[in-house]
Amino acid sequence: MTMTEKKHAIKPYPLGAHVEDGAIRFAYASGKKDCGIIIYDRKSGKKTHRVPFRQEERMGNVYCKYLELEPENVGYQFYEGERTVPDLHAQGFLRKPAYGKIRKPADRIAVFPNEDFDWEQDMHPMLPYEDSTCYCLHVRGFTMHASSQVTHRGTFAGVVEKLDYLQELGVGAIWLSPFNDSPNCDNGYDVSDYYKVMEEAGTMEELEELIAACEKREIVVMMDLVLNHSSHLHPWFLEARKDRNSKYHDFYIWKEGTKEQPPEGGGAFFGGSTWEWVPEVQEYYYHSFSVMQPDLNWKNPSLRKELYRMIQFWMDKGIRGFRLDAIDNIVKDGHGGNDTHSEQIHTYLMEMNQNTYGKSEQILTVGETGGATVEMAQQYSDPESQELSMIFQFELMGIDGIRSGNWDPKPYTLPQLKQLFEKWQTGLEEKGWNSLFWGNHDFPRVVSRFGNDREPYREKSAKMLAVLLHGMKGTPYIYQGEEIGMTNVSGLRIEDYQDIESVNFAEDRKKEGWEEEKIRTYLARNSRDHARTPMQWNAEKHAGFTAGTPWMAENQNYEEINVENSRKNPDSLFYFYQKLIALRRKNDTLVYGDFRLIEEENPDIFAYERNLGEKKLIVLCNFRDTAAEMKARYDLTKGTVLIHNDTESLTKEVWKLQPYEAYMVEL
C-alpha cells in the first residue's frame, strides 16, 4: 500500500474503535496472533507508532489494546500479519464496545477495552529509518545532465533525471556525498563554504528542485556534513592563519613551535605529520587528514554555534537526514591525536542534537565513528541519549586489512565474520540501532571484496551477500552500483589513481623504495577509486554517464554490467535488491526480530535466525564456490521461501547449498 492510500484510509472516528473519555479502545478478532494497529498523525499522514495486540484470555481469539490517545489528532489502521485493512468504514463493524458479540466476518474488527496497557512497554515509536533502505549516492559519479557538459561530472539535475530509477528500486532515503563548495582536494570532504553548493554539481535552485522531487516520491534526502575539519581555503581558516588575534584563529587547533621542531604528534590519515607550520603566525595547525583539511576546534562554543546555525539552514531547505563525517574525531587527546573514546564527544552530540536535528523525530542521522565500540554505539544510537539515529562502525571494514594499518592483506575465516556480525547484532538488540553496509565511497566494491566478481558467480555471489545483510536487524545502506554488481577496476596504472589517499600512498612507498608492481598490487586491492568510477547506465560510450570525457575513466566492463541490461532481465541483481527492500517494508520480523546465529563454527555456511513472537526467519548463505551443507536445525520444507538465488530445494534433514546459494525462509 502506498503512503497516499494510507492517508486516504485514515479516519478521525473510524468504525471499529470506541471513543470514551477522550481515549480510544481497540480490539481485533483473528485466528492470527500477529495483529495490532498502526497509529498515524492525522495532519501529516505519517505513521508514528506500531502497537502489537495482546490476546484477551476471556475472549479466545480476540486481541485488544486500550490506548490513551486524543482521537481528534490521530488515525489508525489495523494490521494482521503483512496486510492492513485500508478502509474501516467499508467493513460495517461495531461502533460500540463488544463483549463477546462479534459480527461477521468473524476475523475482522470489534472493540474491547484492555486496562493492562503499558505505554512504555507496549508502544513502539515508528522511526523513519526502521523499515527503510538508504541509497548512498556519490553525486560526482552518478550521472550528468545534458546542461553540464563543461564539468563532465555528476550533477543535481542528473540525479533528478534518475529519481524514477531509485523509486523503482524502492529506497526510502538517498545519502548525497558532500555537495558544499569545495576545492575538491578530497572529493568534497574539504568544505570552503558551508552555505554554498559545489559549482560543478549545479546551483542551489537545482538542489532545491532535487529535494522537492524526492519529497514527492517520499524519499528522504540526507546531506553529508563535514564537521571535523574544513578546507584550508575556507574564509575562517584564511583569516585564522593571518592573525593570532582574529576571532577565527580559535576556530582551529594551534600549537607553538619552531619550523625545525614540530609539536608532539602522530601521523595523519593521509600520510605525513598531523602538524603543519604557518610562518605568518609562527604556529602549527592540526590536521587529522590532509594538510588541506585543518581540524576545527570544537572546544570553542562560538564555532559550535556557527555549525548549528548552518545545520538549521539546511534543515530549512528541506534536508531530512545527515551523515556526520569522521564525527568521533572532534575531540583531541592533547598529544597530537584524536580521542575517539572521549565522553566529551557524547556531550557535543547531545548539544548539537538539542539545537538542530533533534527538534524533529523525522530526521535521520548517522555518525561515521570508526573507533566506536558496541558500548559506545549503544550510547550514540539510543533514542534516550538524544545523540544520533545510528552510526557507521568499521570493524567489518577492517576485517581483511583493506585500508587498515599498512594496507597489508589480513586473512580471516567465515566463523570470524560471523562473530563480528553477531557481536553488533546482539549488542544493539535492546539498546540502539545498527546500520548495515558492505561498503561505501571509501572502500572497494563489495562483490570484488567479499564475493566473487568472476563469471559465472558475480551476480549469484552478490545476491548471496545481499540476502545476508538485508536479513539482519538495522538500516541497510546500498552504495551506488551495488544493485547491479559493479566491480573493482582492473589494469590501472599508478598515475591513473586520483584519490588523495592513493596518490599519497604511492608517493610514500616510492620514497621507501618499493617496486612499482608492488605499489600497483596494493592500490588495486585497497584504493577508494574503485567505488568512485562513473555509474554504469548502459552500453553506450562512457557507460551512458556523459557524452563527453568523464572526470574519471569508467570501468571497462560497462558493456556487460549496466543498469539497462539489469532492468531487461527479470532475474537480475537489480530486481533481487528491489524484492529485498520491499520485504523489509512489509515484514516486521525483518525489522524488529531478534538475531540468533546458527552453527557458528561451520566454515562454509553463514546461517542465522530472526525471531519476533511466534514468527521466525531463517537465512542461509554459502560463502564458497563449491557446494556446502550443514545439519538442518528446522524443517524448512514447511516454511515459505521469501527470497532465493537458485533453483534447488532444501531437504528436511540436511541444508545443502550450491555455490553461493542463499535462502530466506519464513516459518
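Data table
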{"read-out": "Nearby aspartates and glutamates by direct alpha-carbon distance to residue 242 (threshold 14 angstrom, same-chain neighbours under 8 apart not counted)", "value": "250, 280, 283"}
{"read-out": "Under 14 Å, Cβ to Cβ, from residue 245 - net charge with Lys/Arg +1 and Asp/Glu -1", "value": "-1"}
{"read-out": "Interchain or long-range residues, amide H under 5 Å from residue 401's placed H", "value": "410"}
{"read-out": "By average C-beta atoms within 10 angstrom, highest first, the peptides 219-230, 576-587", "value": "219-230, 576-587"}
{"read-out": "Table column - 3J(HN,Hα) (Hz), the range 638-649, Karplus curve with 6.51, -1.76, 1.60, x for Gly and Pro", "value": "8, x, 9, 6, 7, 7, 7, 10, 8, 10, 6, 10"}
{"read-out": "Too-long pairs where the Cα-Cα distance tops 22 Å, listed order kept, from 473/586; 255/332; 460/541", "value": "460/541"}
{"read-out": "Neighbour net charge for residue 575 - beta-carbon separation under 10 angstrom, K R +1, D E -1", "value": "-1"}
{"read-out": "Local electrostatic count at residue 605 - Lys and Arg +1, Asp and Glu -1, tallied over other residues with Cβ under 9 Å", "value": "-2"}
{"read-out": "Separation between Cα centres of the range 388-411 and the range 244-280, rounded to whole Å", "value": "28 Å"}
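Read-outs: derived from the displayed coordinates by stated rules, not from any lab. Since this is a predicted model, take the numbers as computed values, not measurements. Methodologically, a virtual Cβ is constructed for each residue, glycine included, from the backbone with ideal geometry; neighbour enumeration extends over all protein chains shown.
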